[in-house]
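Undergrad: Below: one structure in structure tokens.
The values are calculated or read from the model by the stated rules, or taken from the named source; none is laboratory data. No experiment lies behind these values; they were computed from the predicted model shown. Cβ: placed from backbone, ideal geometry, glycine included. Neighbour counts: every protein chain shown. Accessible surface areas use protein heavy atoms only, side chains included; no ligands, DNA or RNA. Shrake-Rupley method; radii C 1.70, N 1.55, O 1.52, S 1.80 Å.
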Amino acid sequence: MRKSSRGRREQPQINLDVGPAAQPEENFSLEDILNEFGGWSGRPGAPEAPAPADAGASAAAEQAAEAELRALMGPEPGAEAPQDTKPLPKIVPLDAAKPPKPAAARPSGRFQFVRMEDAMQDGGEEASAQPPRRPRHAPAARSEKPPKPPKPPKPEPEYPTAEEAFRAAGKRGKGIFLRRRFAFLWCLTAIALTVLCQLEVELGGKTLQAQLAAQLLMGLLLIGALTAYDVLVSGVYQALRLRANLDTLLFVSAVVFAADGFLHMSGEGARMPNAAVLLLGLYFALWGRAAGNRARRRSLKAVLSMDEKPQAAVMSRRAWGSRDCVFRTEGSRDSYVAALEAPSCVDRAMEIYAPAVICLSLVLAALMRILQQRDFWGCWSIMLAGSLPAAAFLTYWKPFAALSAQLLHAGAALCGWEGAKRVTGNCCVAMTDADLFSRANVTMNGMKMFGDQNVARVVGYAYAVIEKSGSGLEPVFHEVFVNQNGRACTIDNFRRYEGGGAGAEIQGDVVLVGSIGFMQLMGVRMPDGTNVRQAVYCAVNQELAAVFALNYNPSGVVRSGLQTILRSKGLALVMATRDFILTPAMIRHKYKLPADCIEYPTVEERVRLSGPYAAAGGEQAALLARDSFLPLAEAVVGGRNLYSSVWAGLWVNLMGGVLGFGITAVLGWLGAFSAASAMNLTLFALLWTLPALLVSSIAGK
């Protein structure tokens, strides 16, 4: 750094004096000013500018102007500041100075004075001629790749119509029925050979040798695989789709059992393969397919007997407060086949269980071979035999086939596993006027007029209010209206009352229609001896005008449906009625039901629950072929029983499979193949099959 002794550089001062200070000011005329600054230059007739008195004066003026500009601009880069500043000479007019040098010849750091218009014009032309420059710190523009096209959505699976599915199920059922009989025969033979050889039972003084028994069992294994070829082919197909299931487990078991039996079929170390366990699994697989075909045929038969727009049991979530409700409303047959073919919880669980068992048994068998020097095929074979849940093939289809037969007789068809899942949990079943008492069960028992009222007018008043309320009594009163030549009326200011009635203004008259309790609540004077409970009362302007006596005949079918629902845990009955006479006390009395078994909402809630939009957005659980309450009750209760029994059977099968896998893994690690013999594994499989079948049979009862 330079020393500070030099001090701050003094600013140059411009001397604007043109003469001595004592010189007096002179007065100039306009002509003198124009002559001095060149105002007349370039104009015709202008006076000639006076010539400079001395040529040296011009050079001195030029040097003075350059020195003044250099002082104002400061020193050039790299040059040292001057030590001393001298007073500048006087400034002469600009027209006397020489023109500035071109920009290319001038050193950097000097300015060139141009007009604003020329600068803007030159800048625009230069900007248009040169491409725009990128900012110094701005990142370079990256070449953007074109966006990838979105993946097309997976096409939805196409399902056949109900007619096509019914015919296909019939064709499959014929072949499976015969092959299932043969599979049962092969299974019994394999079990008998295994037991006879293991126990060394004498037949005709001779015992069955292990080598001969192994060869016979290998032959039965091959025959059984050919009998149930579709099961094994399905296992390979599901494995290629990376959706391994119970069929895949059967296929892998067949390969491993065959390899183990072939390696130990002869010689001193001959032992029996686990052919009986495999044949038991193949038999149950064919049995499950046969039960599935029966369930499909029965359900589709019930669907085909219905109209194009049948009634349906629809589950609506949170329809009444926080509770789900089942309604009987209009359904559709279009989506029934898709719901019928939907996978059940057993299928979902086996898609996890089967690949897990295959992989774990393979890894453990390899470890036993490496660490314990055990027989690889023998260890893998006993683990697969112990973990095969044969009864899982029947866990869903057997109870569903029994339930479909029961529902076919009742006039309903459950929408497969999806339908059973939709009616589970704590929910209510809504009962309308037609559910409790159909048109045939309600009749007019008589009519009585009071005062001097016109019969046609009173009947017209009563029918207008009944029709406006949407009550189930509308057909009965319509018949009375036609028979008595009732007068058609227009209703104004219709209103419902909580006490069991309705009112309206008709042609200036206040009309009240309801039960006897409602009339007493509204202050209508009742004549002596008027005390009919099952009757509709009509009052005009607070005066009793007519009494319509009714007769409600309970139906045995409805009674069975109500009792069926009340026996199911978690189900409740909720009244969605509009009839004034129908109350919980009246329903309990007519159908002999226990007390406090029916929910009775407010009149607004009952109207909403019985409206056409109560089940909007609901899920279809079953289709109903008959316009009755019993098919609805049978379908709902049957679906709930099916759901619980299938889950119970699934847990039994999983427990048996996991327990068998653990036991056989320990026996294989210890090398105790005598304990994990073919007979013991067969008995273990049969032992866990019985409780699974028992649990899965509950839904058909």
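Undergrad: Under 9 Å between Cβ atoms, which residue pairs at least 6 apart in sequence (or on different chains) link something in segment 223-246 that is in contact (Cβ under 8 Å) with a residue 40 or more places away in the chain and more than 23 Å from residue 190 (Cα to Cα) with a partner that is of a type in the set (Asp, Glu) and open to solvent by 20 Å² or more (accessible area, probe 1.4 Å)?
TA: As it stands, the answer is 243/351; 244/351; 245/347; 245/351, since those pairs meet every condition given.
Undergrad: Please specify each residue of segment 508-527 satisfying the condition of being of a type in the set (A, V, I, L, M, F, W, C) and within 13 Å of residue 542 (Cα to Cα).
TA: Listed by number, the residues that qualify are 510, 511, 512, 513, 518, 519, 521, 522, 524, 526.
Undergrad: Another question, if that's okay. Tell me the helices (runs of 4 or more DSSP H) entirely within segment 299-388 that contain at least 3 residues that are open to solvent by 10 Å² or more (accessible area, probe 1.4 Å) and at pLDDT 95 or above.
TA: The helices (runs of 4 or more DSSP H) meeting that bar are 345-371.
Undergrad: Give the residues of segment 603-630 that are closer than 25 Å to residue 555 by Cβ, open to solvent by 30 Å² or more (accessible area, probe 1.4 Å) and aliphatic (A, V, I, L, M), sorted by residue number.
TA: The answer is 607, 625, 630.
Undergrad: For segment 418-526, please list each of the helices (runs of 4 or more DSSP H) lying entirely inside it that holds at least 3 residues being surrounded by fewer than 21 Cβ atoms within 10 Å (Cβ to Cβ).
TA: In segment 418-526, the matching helices (runs of 4 or more DSSP H) lie at 455-469, 474-483, 516-521.
So that you can scan it fast, the table gives a plain yes or no per residue for (1) in contact with a helix residue (DSSP H, G or I) (Cβ under 9 Å, 6 or more places away or on another chain); (2) closer than 26 Å to residue 567 by Cα:
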{"position": "617", "(1), (2)": "no, no"}
{"position": "620", "(1), (2)": "yes, yes"}
{"position": "627", "(1), (2)": "yes, yes"}
{"position": "631", "(1), (2)": "yes, yes"}
{"position": "636", "(1), (2)": "yes, yes"}
{"position": "643", "(1), (2)": "yes, yes"}
{"position": "646", "(1), (2)": "yes, yes"}
{"position": "650", "(1), (2)": "yes, yes"}
{"position": "668", "(1), (2)": "yes, no"}
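Undergrad: Moving on to the next point. Being closer than 30 Å to residue 456 by Cα and open to solvent by less than 20 Å² (accessible area, probe 1.4 Å) is true for just one of 583, 577. Which residue is that?
TA: The match here is 577.
Undergrad: If you scan segment 534-556, which residues turn out to be open to solvent by 40 Å² or more (accessible area, probe 1.4 Å) and touching a helix residue (DSSP H, G or I) at 6+ places or on another chain (Cβ under 7 Å)?
TA: Residues satisfying the conditions are 553, 554.
Undergrad: Somewhere in segment 382-395, is a residue without any contact (Cβ under 8 Å) to a residue 12 or more places away in the chain and over 21 Å from the mean Cα position of the chain (by Cα)?
TA: no
Undergrad: Now a separate question. Could you go through segment 648-668 and let me know if any residue there is aromatic (Phe, Trp, Tyr), open to solvent by 10 Å² or more (accessible area, probe 1.4 Å) and in contact with a Ser or Thr (Cβ under 9 Å, 6 or more places away or on another chain).
TA: Among the residues of segment 648-668, at least one is aromatic (Phe, Trp, Tyr), open to solvent by 10 Å² or more (accessible area, probe 1.4 Å) and in contact with a Ser or Thr (Cβ under 9 Å, 6 or more places away or on another chain), which makes the answer yes.
Undergrad: Scan segment 410-428 and tell me whether some residue there is of a type outside the set (S, T, N, Q) and more than 30 Å from residue 627 (Cα to Cα).
TA: no
Undergrad: Also: If a residue has to be on the phi > 0 side of the Ramachandran plot and touching a residue at least 12 places away in the same chain (Cβ under 8 Å) to count, how many in segment 295-331 make the cut?
TA: Qualifying residue count for the region: 0.
Undergrad: Oh, and also: Has segment 207-214 got at least one residue that is touching a Lys or Arg at 6+ places or on another chain (Cβ under 8 Å) and either modelled with pLDDT of 95 or more or open to solvent by less than 60 Å² (accessible area, probe 1.4 Å) (or both)?
TA: Looking through segment 207-214, at least one residue is touching a Lys or Arg at 6+ places or on another chain (Cβ under 8 Å) and either modelled with pLDDT of 95 or more or open to solvent by less than 60 Å² (accessible area, probe 1.4 Å) (or both).
Undergrad: Can you name the residue in segment 466-525 that is small (Gly, Ala, Ser) and free of Cβ contacts under 8 Å to residues at least 24 places away in the same chain and, of all such residues, is farthest from residue 580 (Cα to Cα)?
TA: It comes out as 508.
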